[in-house]
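Remarks on the structure that follows.
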Amino acid sequence: MIALKFTWNPLTGIDLGFITIHFYSLMFVVAFSLGYYLMKKVYINEKIPLEKLDSIFIYAVVSILLGARLGHVLFYQTELLWEDPLSVFLPFKFVPEFEFTGFRGLASHGAFIVGMYAMYRYSKKVVKKPFFWVLDRVAIPVSLGAMFVRVGNFFNSEMVGKVTDSAIGVQFIQDGISEGRAMSLTNIRNPRKAYQALTEDSQFAEKIAEIPYRYPGQLMEAVGYGIIFLIILYLYWKTKASEKIGLLFGTFLLLLMGVRLIVENFKREQVEGREDWILGLNTGQILSIPFILIGAYLVYASLTKKEA
């Protein structure tokens, strides 16, 4: 097997001098922009007035970001509610000292829950279509957006995998040395030169050597979500799946959370002390199971429902 191992110490964004455009935030912009484009194609195909498209975009952006942030805090970092409550909704931390962090803690399960409620409101108040009609079509851009979010996690060296000696291991420098310290040592914007400077510093060269290689869990999920996007896209445009209410969304849930359930086996648990904490499953896997069951039910119900 060809070894794909490499060391990863990227810049987290594009430094324009007066502001830094973070890649993680940029991935969200790309995801929402492509999502808008895809939904526009769908609405034209369905002969839905395009003025209703702006509303779903607003509903989606607000609910996904709010739900993802609340989901992370409630599922993975509950202590923020009493230790640093302002950081829950602001891109800063105030304890133990003030620091700009951006919104790095976002949970897909929270985004799903709040996002589904927002789509329910949108289906009733704006588009006047069945709830699952909306979800069937939203599944297309959401699956693509999930892929870009995981690529953003990779740029941020977040959600790293478990230690591995396999051919696909990645050494995340920021897993052992803070991002700020790693970049400030050189005042260089080139990641390769920054890494070279770190290794030439005797103090950090030894520390870098101790940083293990890990599975690139973010990229593993991103690849899975990309494949799911292609499947849902094909089902919508090339088959009559969209005529069976709930089939596309059920397939989306079943596949997406199935990928999450599998990849979690290779990822480091985000909450210390919760590794294999219930029936050998971690937090992400436990949260995925209800969605998988719902997805399986929707697929079954849509395929067995008799035509009126």
Out of all the residues in region 204-245, which are more than 26 Å from the chain's Cα centre (by Cα), surrounded by fewer than 14 Cβ atoms within 10 Å (Cβ to Cβ) and not charged (D, E, K, R)?
ALA205, ALA209, THR239
Do we find a residue being part of a helix (DSSP H, G or I), crowded, with 16+ Cβ neighbours inside 10 Å, modelled with pLDDT of 90 or more and of a type outside the set (A, V, I, L, M, F, W, C) anywhere in region 275-286?
no
Meets criteria (part of a helix (DSSP H, G or I) and closer than 16 Å to PHE132 by Cα) for TYR236:
yes
Residue pairs, Cβ under 6 Å, 6 or more apart or interchain, first in region 288-303 and on the phi > 0 side of the Ramachandran plot, second surrounded by 15 or more Cβ atoms within 10 Å (Cβ to Cβ) and in a helix (DSSP H, G or I). List them.
none
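The values are calculated or read from the model by the stated rules, or taken from the named source; none is laboratory data. What you are looking at is a predicted structure, and each value in this text was computed from that prediction instead of being measured. Because the Cβ atoms are built from the backbone with ideal geometry, glycine has one as well, and the counts that use them run over all protein chains shown.
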